[in-house]
Amino acid sequence: MKHEYNSQYGDSVDSILKQWNKERPDLDVSPMGVIGRIKRCAMYLEQQIESGLAQFELSLWEFDMLATLRRSGHPYCMSPTELFSTLMVTSGTMTHRLKRLEGRNLIERVKNPEDSRSSLVQLTNEGFELINLAVEKHVENERTILAELPKEVSGSLDVQLSILLKTLERCSDQT
């Protein structure tokens, strides 16, 4: 099925698809539309989210780590392994990030009461206060980003992306 370029609603991905349709009319490039739009949306979203976090002097990864600890519930503490598994980063990356957040006094390492050979990562009071403020503004920022979408479009998009995510997660688990 050939993708038709729609100038009324056209976006930058439609321009790419139009070029491919001209150069390779024999090739169904419609998957490029879905994947290209998701990738471009992710890029723009990351930029807007980072911009919203700048007032707290937080990068997206710092926010993610502090938010993960915060949403884990009292005492806002996790093992480094739980953290890097949740955040999908390598242990080496996690070590570097932990040191950086420790240096800013946003997290601390505490002894694991269940295993004296290991430590846990815990939000400091400063980290707790910062993430509480940042998450409020973050949610406001996300609401603003999505504000132009009609509610039914936003709801449908959420459902459709959930289906895609489940599919991709299943495929990832099989590899």
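Within the range 43-72, residues that are basic (Lys, Arg) reach partners that are open to solvent by less than 20 Å² (accessible area, probe 1.4 Å) with beta carbons closer than 8 Å, at six or more positions or on different chains, in the pairs ARG70/LEU123; ARG70/ILE131.
Restricting attention to the range 132-155, does a residue exist that is in contact with a Lys or Arg (Cβ under 9 Å, 6 or more places away or on another chain) and either without any contact (Cβ under 8 Å) to a residue 40 or more places away in the chain or among the aliphatic types (A, V, I, L, M) (or both)? Yes, some residue in the range 132-155 is in contact with a Lys or Arg (Cβ under 9 Å, 6 or more places away or on another chain) and either without any contact (Cβ under 8 Å) to a residue 40 or more places away in the chain or among the aliphatic types (A, V, I, L, M) (or both). Return yes when GLU57 is over 22 Å from LEU161 (Cα atoms) and charged (D, E, K, R) and no when it is not. Criteria met by GLU57.
Could you check the range 11-104 for helices (runs of 4 or more DSSP H) lying wholly inside it with 1 or more residues that are open to solvent by 70 Å² or more (accessible area, probe 1.4 Å) and farther than 23 Å from VAL135 by Cβ?
The qualifying helices (runs of 4 or more DSSP H) are 12-23, 30-53, 80-87, 91-103.
The values are calculated or read from the model by the stated rules, or taken from the named source; none is laboratory data. Here the structure is a predicted model, which is why all the values come from computation and not from measurement. Heads up, the Cβs are rebuilt from the backbone with ideal geometry, glycines too, and the neighbour counts pull from every protein chain shown. Quick note on the areas: whole protein, heavy atoms, side chains included, nothing else; ligands and nucleic acids left out. Shrake-Rupley method; radii C 1.70, N 1.55, O 1.52, S 1.80 Å.
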